[in-house]
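Each remark here refers to the structure printed beneath this line.
The values are calculated or read from the model by the stated rules, or taken from the named source; none is laboratory data. What you see is a predicted model, and the numbers here were worked out from it, not measured in a lab. Every residue, glycine among them, receives a Cβ derived from its backbone with ideal geometry; neighbour counts consider all protein chains shown. The protein model used for the area step is the full one, side chains on, heavy atoms only, and it has no ligands, DNA or RNA in it. Shrake-Rupley method; radii C 1.70, N 1.55, O 1.52, S 1.80 Å.
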Amino acid sequence: ASRDPNGQNFPKHGELAKRYREIFIAPPGWCLLEVDFSQIELRIAAIAANKPTMLRLYREGADIHAMTAAAVMGLTLEQFKELDPDTRAQKRFEAKAVNFGFLYGMGWRKFITYAKTTYGVEFTDDEAQEIRKTFFRLYRNLANWHNTVREYVRENGYVRSFDGRVRHLPSVKSPDEAIAAGAERQAINSPVQAFGSDLGLMAIQLLSLIHI
């Protein structure tokens, strides 16, 4: 891991992001290729939680960030689409903080910090609490999935990703409630993030076989 700058996650937003990315130049005879799994963690979590709303959105090719943005604003998706482009783009961007923040059950206090530091978006205490309620009303099965995983890791001390990778979490048995709760959060996000990472490695292997 690295920070200031983060050498693993190059910036995408802000006036300096484009210039920062332009410093990476392929040598003669080579090219730089940028690929990305669209919303991979949300997709994996939707399958793990068997969340009908999220699964339907992805099957239909809908925009889950737009759906969340509309719900937070108290609008239907059709009403959201009628907003002016700048407002729609900003609210959709803010919805990314909501989706990725609450996907693993983040509390509203931590969400405020996460949204500010990761997306530069500010929410008040009241806004964060109401948005969290809205999110879990919209995607109800996520809370059930969180509880199922918590119960499993408490009993077994480990979790397993879709492709079989095991994450041992013995600290879930800790008498310190904060430590045990941290292990429970890791039990929820580790299988999703691990499988997403493994899919990326599989994709890199496939790309290595392509001659451009």
Point to revise | Distance between the range 18-83 and the range 130-163 - C-alpha centres, whole angstrom | key: 21 Å
Practice item. Taking amide H positions as placed in the peptide plane 1.01 Å from N, state which residues far from residue 158 in sequence (5 or more) or on other chains have amide H under 5 Å from it. Key: 169
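Under unit Cβ charges (Lys, Arg +1; Asp, Glu -1), what dipole magnitude, rounded to 20 debye, does the chain have relative to its Cα centre?
Here the chain has a charge dipole of around 420 debye.
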Practice item. Order the following by accessible area, largest value first: 35, 149, 72. Probe radius 1.4 Å; ligands, DNA and RNA are ignored. Key: 35, 72, 149
Revision key, fill the gap. accessible surface per residue for the chain, probe 1.4 Å, DNA/RNA/ligands not counted, whole Å² -> 65 Å²
Exercise for review: Return the aspartates and glutamates within reach of residue 133: Cα separation strictly under 14 angstrom, same-chain partners fewer than 8 residues apart disregarded; answer none if there are no such residues.
Suggested key: 125
Point to revise | Loop-located trypsin sites (Lys or Arg not before Pro) in the range 161-195 whose Cβ has at most 15 other Cβ within 10 Å (DSSP) | key: 165
Review point. Quick one: with all protein chains in place, what share of the accessible area of the range 44-95 is carbon or sulfur, to the nearest percent (1.4 Å probe)?
Key: 50 percent
Review point. Assuming a viscosity of 1.002 mPa s and a temperature of 20 °C, what translational diffusion coefficient in µm² per second does Stokes-Einstein assign to the range 141-189, Rh being the Kirkwood radius over Cα pairs?
Key: 200 µm²/s
Study note, to complete from the structure: Checking the range 23-73 for chymotrypsin sites (Phe, Trp or Tyr not before Pro) in a loop per DSSP with at most 13 other beta-carbon atoms within 10 Å yields 24, 30, 37
Exercise for review: Determine one quarter of the surface area of the Cα convex hull of the chain, which equals its mean projected area, and express it in nm² to one decimal.
Suggested key: 14.9 nm²
Review point. Which helices pass in the chain if a helix is a full DSSP H run, must span at least 30 angstrom along its long axis by Cα, and must have mean Kyte-Doolittle hydropathy not below -1.0?
Key: 177-207
Exercise for review: Kindly provide the helix-only [θ] at 222 nm of the chain, computed as the sum of -39,500 (n - 2.57) over DSSP H runs of four or more divided by all residues, to the nearest 500 deg cm²/dmol?
Suggested key: -18500 deg cm²/dmol
Practice item. Pull up the cross-link candidates among the lysines for residue 81, meaning alpha carbon to alpha carbon under 18 Å and not fewer than 8 places away within one chain. Key: 91, 96
Revision key, fill the gap. Note: the range 123-167 at 25 °C, 0.890 mPa s; Kirkwood Rh on alpha carbon pairs; Stokes-Einstein D in µm²/s works out to 195 µm²/s
Practice item. Rounded, prolate or oblate: pick one for the range 99-212, where a ≥ b ≥ c are the square roots of the eigenvalues of its C-alpha gyration tensor, a/c under 1.5 means rounded, and failing that, prolate if a/b is larger than b/c, else oblate. Key: oblate
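State the percent of C-alpha pairs, over all pairs in the range 77-155, separated by a distance greater than 14 angstrom.
66 percent
So for 73, 67, what's the accessible-area order with a 1.4 Å probe, most first?
Greatest to least solvent exposure: 73, 67.
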